[in-house]
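Here's the structure, in structure tokens; my notes come after.
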Amino acid sequence: MGVSALLHSDTYTYLIPGRNLLLHGQFMADGVPDLLRTPGYPLFLAVTSLGGFPLASAINQLLSALTLILVWKLGRAVFQDERIALGAVWLFAFEPIAMGSSFVLTSETLFLAIFLLCMERLAAFLRGRDLRVLAVAGLLLGVTTLVRPVTYYLPVALAAGLFVVLARIPTLRWKAPAVLLICVIPWLAAWQIRNRLETGYHGFTSISDAALYYLSAACLAARLEHRPANDVIEELQYGDYAGNSGQSYLFAPYLAQHPEQAGWSQAQRLAFMHDSSVSLIKAHLGTYLGLCAKDLVTIVFYPGVYYFDRSLHPKHPGHTSGIFNESQSISKMYAKVQADPFLAVETALSWMVLLAVYLLAARALWLAARGSFHGSLHSASLWLLLGVSVYFLAVSAALVQGPLATARYRLPVMPVVCILAAAGFQRSKAMWQS
């Protein structure tokens with residue numbers, strides 16, 4: 001496997017500002033403060049890659065192994081059953097997205113490791129009600145958000161959930177949400193203040209505005225104009241990030257479309273991107289929600305064989321990704337199957353395995369609702385996992401649309417699915433044996 005197989009189109013969007021922060025003390029790219037990325041993973045990658053990309057990838061794989069231990073700990077914390085915890089580890093060990101991400105230099109693996117540790121600490125708090133454990137979970141959640149800002153709104157959701165779960169315990173009803181927020185908010189506020197002071201930008205990261213402008217609004221415009229989404233996105237010059245910072249609004253193609261913005265600041269351009277996108281979405285909210293639902297189905301049910309196969313075919317990592325693509329005709333899909341029958345078999349088997357895992361997870365939820373786990377299940381911890389999963393899927397469906405709506409964005413949910421699937425299998429097995 002060559003070095004190129006370790007890189008993703010996002011890799012340099014992390015490495016450029018991370019190296020500048022490490023070597024020069026400034027989180028910058030393209031001569032301006034970087035607003036696209038948060039500092040967690042860029043700094044991590046800058047340090048681990050000093051010995052070369054292979055070393056950074058090796059450390060990434062060690063983190064991937066750590067996630068298996070954390071899945072085991074989380075499964076045991078929720079169900080208090082060693083067999084369920086071990087079953088979840090085996091399922092997640094062969095999860096194709098996790099396997100494919102383990103050696104690639106993107107933020108997924110580090111994010112997942114810290115996030116699973118945070119969830120395990122939250123589950124431990126719900127069982128033991130120790131505020132010190134909750135404080136650790138809050139600190140970890142802050143670090144998680146600095147690695148990958150998808151969890152930016154999660155602290156508020158978790159605080160509300162804690163208030164509901166602990167409503168009958170007056171001493172914790174207010175203390176627990178307060179402790180969580182006090183341990184998270186300073187991390188996020190510090191970075192947001194940095195953005196405001198250096199650029200005038202009010203947000204935590206510009207990636208949400210970029211996603212709205214280049215993906216959500218673009219896909220919505222394509223639907224309204226009855227055009228392929230890829231065509232509209234290409235017209236916006238939203239291309240591959242390879243070798244640049246990813247701040248597309250700084251480059252000539254964007255300014256060619258908006259020459260009046262040549263003298264605008266970063267904050268002004270991002271405000272324009274945000275406001276114009278939100279205005280279009282509000283005007284066609286029903287159509288937008290329909291697109292979100294469609295992309296959610298893609299995120300949840302796309303088999304994800306690409307992520308597994310890119311380790312086997314590093315020179316042609318995309319060869320498995322396009323067999324079932326809505327932009328292709330049936331004849332083109334059939335031609336691909338004829339050219340590579342293994343691809344069709346692999347895709348079909350991957351779908352079958354994924355569907356089986358989902359069915360087992362659904363059975364676990366059904367059995368839990370019937371009280372079939374005989375007190376071993378901690379219901380508050382289960383609600384924690386389900387609520388977090390819904391959060392991730394909702395955020396992904398809202399912001400990641402069109403050609404970028406892929407199975408990659410369900411990775412944070414898959415540990416939960418694997419834990420539930422293992423519980424469904426073990427409980428069903430015990431019922432059949434009895």
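Just so it is clear, none of the values below were taken in a lab; they were calculated from the coordinates. This structure is a prediction, so every number in the text was calculated from the model and none was measured. All Cβ positions, even for glycine, are placed from backbone atoms using ideal geometry, and neighbour counts span all protein chains on display.
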Region 375-434-region 1-63 distance, computed between alpha-carbon centres (Å):
30 Å
Based on Cα coordinates alone, diagonalise the gyration tensor for region 3-433, multiply each eigenvalue by 5, take square roots, and list the semi-axes in whole Å, largest first.
34, 29, 22
For the chain, with a Gaussian network of springs between Cα atoms less than 10 Å apart, report the residue from Leu224, Leu365, Leu154 with the top mean-square fluctuation.
Leu224
Within region 103-138, what residues put their amide N at less than 19 Å from the label point 7 Å along the Cα-to-Cβ vector of Ile169?
118-138
Write down, largest first, the equivalent ellipsoid semi-axes of region 1-82 in whole Å, where each equals the square root of 5 times an eigenvalue of the alpha-carbon gyration tensor.
31, 17, 10
Just need the relative contact order of region 117-170 here, percent rounded to a whole number, with Cα pairs under 8 Å and 6+ apart.
26 percent
Candidates Pro228, Pro17, Pro259; GNM for the chain (alpha-carbon contacts under 10 Å) flags as most fluctuating Pro259
List, in order, the whole-Hz ³J(HN,Hα) value for each residue of region 351-365 obtained from phi through the Karplus relation with A = 6.51, B = -1.76, C = 1.60 and θ = phi - 60°; use x for Gly and Pro.
4, 4, 5, 4, 5, 5, 5, 4, 5, 5, 5, 5, 5, 4, 5
Ordered by packing density, taken as the mean number of other Cβ atoms within 10 Å over each peptide's residues, highest first, how do 60-69, 7-16 rank?
7-16, 60-69
Hey, got the dipole for the chain? About the Cα centre, +1 on K and R Cβ, -1 on D and E Cβ, debye to the nearest 20?
1580 debye
Pairs of alpha-carbon atoms within less than 8 angstrom and 6+ residues apart define the contacts here; what relative contact order does the chain have, in percent?
21 percent
Starting from the Cα of Lys429, draw a straight line to each of the aspartates and glutamates and keep only those under 20 Å, dropping any in the same chain fewer than 8 residues away.
Asp81, Glu82
By its C-alpha gyration tensor, with a ≥ b ≥ c as the square roots of the eigenvalues, how is region 340-434 shaped: rounded for a/c under 1.5, else prolate for a/b larger than b/c, else oblate?
oblate
P(r), alpha carbons of region 228-301 - 5 Å bins starting at zero, rounded %:
3, 13, 17, 21, 20, 15, 9, 2, 0
Quick one: length gained pulling Ala189 to His258 fully straight, 0.36 nm per residue minus the C-alpha distance?
21.7 nm
Rank Leu367, Leu112, Leu411 by mean-square fluctuation in a GNM of the chain with C-alpha springs under 10 angstrom and give only the top-ranked residue.
Leu367
Determine which aspartates and glutamates satisfy two conditions relative to Lys294: a Cα distance under 20 Å, and not lying fewer than 8 residues away in the same chain.
Glu225, Asp231, Glu326
Taking θ = phi - 60°, what integer Hz values does the Karplus form 6.51 cos²θ - 1.76 cosθ + 1.60 yield along region 254-260, in sequence order, with x for Gly and Pro?
5, 5, 5, 7, 10, x, 5
Amide H neighbours of Ala29 under 5 Å, at least 5 residues apart or on other chains, H built in the peptide plane: list them.
Asp34
